[in-house]
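Beneath this line is the structure, given in structure tokens, with notes to follow.
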Amino acid sequence: MATATGTKVVDRRIAGRGMIERLLAERREMLVLFCRVAGLDPFADGAVGNDVLQAFCQILVDYMASAHFSLYQRLIDGSERRQDVIALGSEIYGRIEACTEVA
């Protein structure tokens, strides 16, 4: 039988996994759209190219925002307790922040 504390840990891990799965799905979609944008003929009819470019930009912003405001917010506000995750986050956060700013 799970205790209240044990249930909170399980719920938090399930939520964390869900967040990571959503980020991975957004990243896959972003990479597919990036490949489509990279293959566009810059001199072709703009309607199709504009739609693909708009979709790519939207998923890029969504992906960056999700990563920055969901995943990394846990590191900033102290809600992440796993020391190895905190250490890795501290190591790479500056690079993530710079990418978010550029995007």
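The values are calculated or read from the model by the stated rules, or taken from the named source; none is laboratory data. Since we're looking at a predicted model, the values are computed, not measured. Glycine gets a Cβ as well: all are built from the backbone with ideal geometry, and neighbour counts include every protein chain shown.
Annotation note: of Ser90, Ser79, the sole residue that is within 23 Å of Leu24 (Cβ to Cβ) and surrounded by fewer than 10 Cβ atoms within 10 Å (Cβ to Cβ) is Ser79. Pairs linking a residue in segment 82-103 that is within 24 Å of Arg17 (Cβ to Cβ) to a residue that is among the aromatic types (Phe, Trp, Tyr) and surrounded by 14 or more Cβ atoms within 10 Å (Cβ to Cβ), with Cβ atoms under 7 Å and 6 or more positions apart or on different chains, are Gly89/Tyr72; Tyr93/Tyr72; Ile96/Tyr72. Within segment 24-68, being surrounded by fewer than 12 Cβ atoms within 10 Å (Cβ to Cβ) and within 19 Å of Ile92 (Cβ to Cβ) holds for one residue alone: Leu24. The selection criterion, being at pLDDT below 75, loosely packed, with under 14 Cβ neighbours inside 10 Å and under 18 Å from the mean Cα position of the chain (by Cα), holds for Ala15. Which ones in segment 33-49 are in a helix (DSSP H, G or I) and modelled with pLDDT of 85 or more? Those that are in a helix (DSSP H, G or I) and modelled with pLDDT of 85 or more: Leu33, Phe34, Cys35, Arg36, Val37, Ala38. The numbered conditions (1) within 13 Å of the chain's Cα centre (by Cα); (2) closer than 17 Å to Val37 by Cα are all true for Ala55 except (1). Is it the case, given these coordinates, that Leu75 is of a type outside the set (Phe, Trp, Tyr), assigned to a helix (DSSP H, G or I), touching a helix residue (DSSP H, G or I) at 6+ places or on another chain (Cβ under 6 Å) and under 22 Å from Glu101 (Cβ atoms)? Yes.
Checked against (1) of a type outside the set (Ser, Thr, Tyr); (2) at pLDDT below 80; (3) part of a helix (DSSP H, G or I), Glu80 passes all but condition (3).
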